[in-house]
Amino acid sequence: MSESLTLDKPRSPRRPAARRNNFELYSWAFMRISGLALVILVLGHLFIMNILDGGVHRINFAFVAGRWASPFWQFWDLAMLWLAQLHGGNGLRTIIDDYARKDTTRFWLKMLLYASMAVILVLGTLVIFTFDPNITA
Amino acid sequence: MSTTASTAAEAGASDRAGASRRSGTFYRGDPGMWSWVAHRVTGVLTFFFLFVHVLDTALVRVSPNAYDEVIETYKTPFVNLLEVGLVGAVLYHALNGLRVILVDFWEKGPQYQRPMLWTTLGIWVLVMIPGTYFMLARTVSEMFGGGH
């Protein structure tokens, strides 16, 4: 990114390639595609959970158990978890790249980000797939 | 997690100070720039909420009681108000994201980016008025002596 904007030696034959791979192109496209899906998934989720029919006041364990009895809502929540976490994680990656001043700061903030993404994705996926409506208190 | 946000905020603040020190001018922005700033802020806030929200939902694997207890905090007046803020942030991010997609892919998108911003904000207000009402109605009626 910043190297592609460097113009100090424009005719130098040893100027590094502006682009080593297409990762940033794919992440740009992913933000738009996942964003479209998340508009439906997240706004639908917020409407059902916070606004419709009493909103947050009717949510409890039984309500969750009723929803996750349906593969449709299991898939909805799984897709929302993965897309939101990757979309948000990629957004934070961009923000860290923009604002971190030192390479070490940038590196450790990204490591923290990737670790938290891994924890949330693994935990959330496990919860959806291993949910037990008859769990004993 | 909050270290990320504070680092970004501090870096932004020192950039602005540095720019005004060096040249004496400071780009005060265009509505399009502020829409970009708001997109970042709402995105970061939503990401941090998602982190907390997956952890609290994971309590369904601990016990029904543990989950119900933490969900009760979502029903308290203060947190209920924060939920309105969350819905507002996510709705803005969604509408402005659609605007960004139109700017990128629609041939007339760049030309209409500004009217699309006002349209976005208009839809936001139109949705948030009834949305806020339905999110807070029960909490407010319980606070002021009503009951269910």
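Of B:Arg99, B:Arg61, A:Arg58, A:Arg101, the order by accessible heavy-atom surface (1.4 Å probe, DNA, RNA and ligands excluded), from most exposed downward, is A:Arg101, B:Arg61, A:Arg58, B:Arg99. Relative to the Cα centre, the charge distribution of the range A:3-130, modelled as +1 at Lys and Arg Cβ and -1 at Asp and Glu Cβ, gives a dipole magnitude of about 660 debye. Since only B:Ser35, B:Asn80, B:Leu136 are under comparison, the one whose Cα sits farthest along the positive direction of the charge dipole of the range B:31-143, derived from C-beta charges on Lys, Arg, Asp and Glu, is B:Ser35. With the charge dipole of the range B:31-143 set up from +1 on Lys and Arg Cβ and -1 on Asp and Glu Cβ about the Cα centre, the Cα lying farthest toward the positive end among the listed residues B:Pro110, B:Leu126, B:Leu55 is that of B:Pro110.
Plainly put, the range B:31-143 has a radius of gyration that is 1.09 times its Kirkwood radius, both from alpha-carbon atoms, as the Rg/Rh ratio.
Taking every residue in B:50-61 and counting other chain Cβ atoms within 10 Å of its Cβ, the average works out to 6.
Taking every DSSP helix (H) stretch of at least 4 residues in chain A, weighting each as -39,500 (n - 2.57) and dividing the sum by the residue count yields a mean residue ellipticity at 222 nm of -22500 deg cm²/dmol.
Report, in debye and to the nearest 20, how large the dipole of the range B:31-143 comes out about its Cα centre when Lys and Arg carry +1 and Asp and Glu carry -1 on their Cβ. It would help to have the intermediate numbers written out before the result.
Working: 7 positive and 8 negative charges, 87 e Å.
It works out to roughly 420 debye.
Work out the mean other chain Cβ neighbour count within 10 Å for the residues of A:86-94 and drop it here as an integer.
Details: counts 0, 5, 8, 2, 0, 7, 9, 0, 2.
What the average comes to for A:86-94 is 4.
Taking every protein chain into account, the 1.4 Å probe leaves A:His45 with about 30 Å² of accessible area, to the nearest ten. Within chain A, the selection of entire DSSP H helices by a Cα span of 24 Å or greater along the long axis and an average Kyte-Doolittle value of at least -0.5 returns A:23-46, A:71-99, A:103-130. When A:Trp82, B:Trp34 are compared by accessible area at a 1.4 angstrom probe, the order from most to least is B:Trp34, A:Trp82.
Which order do B:Lys75, B:Lys108 take by accessible area at a 1.4 Å probe, largest first?
On the way: B:Lys75 35, B:Lys108 95 Å².
The residues order as B:Lys108, B:Lys75, largest area first.
Full extension of the segment from A:Tyr114 to A:Ser27, taken as 0.36 nm per residue of separation minus the current Cα-Cα distance, would add 29.8 nm. The solvent-accessible area of B:Met33, taken with every protein chain present and a 1.4 Å probe, is close to 50 Å².
The values are calculated or read from the model by the stated rules, or taken from the named source; none is laboratory data. If you're wondering where the values come from, they're calculated on a predicted model, not measured in any experiment. So basically every Cβ, Gly included, is an ideal-geometry build from the backbone, and we count neighbours across all protein chains shown. Protein only, heavy atoms only, side chains kept; ligands, DNA and RNA dropped before computing areas. Shrake-Rupley method; radii C 1.70, N 1.55, O 1.52, S 1.80 Å.
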